[in-house]
Amino acid sequence: MKILLPLAIGVFTVFSFFSCTTGSGIKFPCETKTVYRNLSEEYFAIAETYKSQNNYSKAIEYYTLALKNKELHDSAYYQIALCQVYNKNWAVARKSFRKLLRRDSENSTLKMSLAYIEAMCGNLKKAEKMYDHICAERPDDSEPLVNYINVLIADEKYTDAQEKLTFMEEKFPDEEHIDALKKKIQELTEDKSDDKEESDKDGKTSADKKSSAEGESTEELFGLNEPEEKEEEPATEKAESKKAENKEPETQTPQK
């Protein structure tokens, strides 16, 4: 979406005033709407600037002001959700992305964001199921597969991770993360002797895990059938941060 620069917004506002007022200075509804729209656009532009400076809390403040504009609402809400991720406000970000996904249930980018959040919260097995689902939906995209492998490594399922990596080498030979992933797996497995135990700490085979993920609907897997969460859940965020602090997979952060 093209955002007008403040100077351009000012010029457009002057033009709108001229076209919507009379010589007597009486203001008509079209003038008020134009001012309101331009102000929201300026809020959005300010928020974008703050986000580019990694000042996510300030960006959220101005994106929130821009929400009042119907034309900007969805874009602003998505950016707020992203900023919550960058601020590691996992519970709030999860709530926001679920709300967006309920409105667009086939959007794999939103699903990627939710899988990333679960991984960062230390919910590795849930994240694995999510990434497995997304990889099936995006078979020609290596990004979800890279994240999937990282989560498997974080969960110490090195044999499964190696299997996925071998598949990625065959299908995406130019993927830039292959060498780093290969090195990581080698370093972590060189002192291990029981590959079966490493790959299946939960006692399930790869086929079992895949079947269990396939048995869940999109609504179940991504929490879309759960009740709406409260706006803020500080206790949950604190607990999830503590759970994840010692084992954060190196998944790729959702794009800005």
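The values are calculated or read from the model by the stated rules, or taken from the named source; none is laboratory data. None of the values given here were measured: they were computed from a predicted structure. Reconstructed Cβ throughout: ideal geometry from the backbone, glycine too, with neighbour counts over all protein chains shown. Quick note on the areas: whole protein, heavy atoms, side chains included, nothing else; ligands and nucleic acids left out. Shrake-Rupley method; radii C 1.70, N 1.55, O 1.52, S 1.80 Å.
Given the structure, is Ile60 open to solvent by less than 40 Å² (accessible area, probe 1.4 Å), more than 19 Å from Arg138 (Cα to Cα), of a type in the set (Val, Ile, Thr) and more than 11 Å from the chain's Cα centre (by Cα)? Before you say what the answer is, go through the steps one by one.
On the way: open to solvent by less than 40 Å² (accessible area, probe 1.4 Å): yes; more than 19 Å from Arg138 (Cα to Cα): yes; of a type in the set (Val, Ile, Thr): yes; more than 11 Å from the chain's Cα centre (by Cα): yes.
Criteria met by Ile60.
Please identify the pairs in which a residue from the range 49-67 that is modelled with pLDDT of 95 or more has its Cβ atom under 6 Å from the Cβ atom of a residue that is of a type in the set (Lys, Arg), counting only partners at least 6 apart or on another chain.
Final answer for the pair search is Tyr50/Lys58; Ala59/Lys51.
With a cut-off of at least 2 residues that are modelled with pLDDT of 95 or more, open to solvent by less than 30 Å² (accessible area, probe 1.4 Å) and on the phi > 0 side of the Ramachandran plot, name the helices (runs of 4 or more DSSP H) lying wholly within the range 93-198.
none
Considering the range 144-176 alone, what residues qualify as being of a type in the set (Asp, Glu) and closer than 19 Å to Lys126 by Cβ?
Once the filter is applied, which keeps residues that are of a type in the set (Asp, Glu) and closer than 19 Å to Lys126 by Cβ, the range 144-176 yields Asp155, Glu156, Asp160.
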